[in-house]
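These notes are about the structure you will find just below.
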Amino acid sequence: RVAAWGMDLIGASTFAWEYQHIVGHHAYTNLVSDCAESDSDVLAGVPFMRMHDSQQKRWHHRYQHIFGPALFSLLTINKVFVSDIQSALTGECAGFQMDGRYGKTSN
């Protein structure tokens with residue numbers, strides 16, 4: 001709950017995060033594929049971060065423990081100012097329809 005309040009405090013949508021985390025991460029935990037069914041958390045920092053063995057190794061991945069925290073900070077800012085607004089306007093989050101969240105039904 002404290003983390004959710006923190007996200008709300010900085011302007012992020014806990015609704016969009018919850019949906020992405022449950023539908024986009026838990027359903028496809030650590031799955032990386034060419035189709036839409038991939039773990040969105042694993043792909044978040046691509047190509048800068050290597051989060052899975054199946055991803056190609058590049059020279060800069062040796063230093064990802066150094067630049068990773070800054071990169072994920074920028075991704076959080078992107079989430080607040082781009083992804084969450086886009087989710088609210090389109091009703092879609094991480095490639096999935098957010099049925100039921102914004103007054104839509106699946107029927």
Which value, in Å² rounded to 10, gives the accessible area of residue 82 with a 1.4 Å probe and all protein chains present?
70
Quick calc, residue 71 & residue 9: beta-carbon distance into FRET formula, R0 30 Å, rounding 0.05, result 0.85
Total charge of the residues flanking residue 63 in space, meaning their Cβ is under 13 Å from its Cβ, with Lys and Arg +1 and Asp and Glu -1, is +4
Solvent-accessible surface ranking, highest first, for 71, 9 at 1.4 angstrom
9, 71
Excluding residue 1 itself, what net charge comes from residues whose Cβ is under 15 Å from its Cβ, given Lys and Arg +1 and Asp and Glu -1?
-2
Taking a probe of 1.4 angstrom, what is the accessible area of residue 10 in Å², to the nearest 10?
100
For residue 88 paired with residue 26, estimate the spin-label separation in nm (one decimal), with each label point 7 Å from Cα along the Cα-to-Cβ line.
2.5
Looks like the stretch 49-100, by Cα gyration tensor root eigenvalues a ≥ b ≥ c and the a/c under 1.5 rounded cutoff (else prolate when a/b is bigger than b/c, oblate otherwise), is oblate
Leaving ligands, DNA and RNA out of it, work out the accessible area of residue 19 with a 1.4 Å probe and give it in Å² to the nearest 10.
40
Once amide H atoms are built 1.01 Å from N in the peptide plane, which residues 5 or more positions from residue 93, or in another chain, come under 5 Å H to H?
98
Residue-ordered couplings for the stretch 81-93, obtained by feeding phi - 60° into the Karplus form 6.51 cos²θ - 1.76 cosθ + 1.60 and rounding to whole Hz (Gly and Pro as x), are 8, 10, 4, 5, 5, 4, 4, 5, 6, 9, x, 10, 9
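The values are calculated or read from the model by the stated rules, or taken from the named source; none is laboratory data. Computed from a predicted model, the values in this text were never measured in an experiment. Cβ sites come from the backbone with ideal geometry, for glycine too, and all protein chains shown count toward neighbours. What goes into the accessible areas is simple: the full protein's heavy atoms, side chains included, and nothing from ligands, DNA or RNA. Shrake-Rupley method; radii C 1.70, N 1.55, O 1.52, S 1.80 Å.
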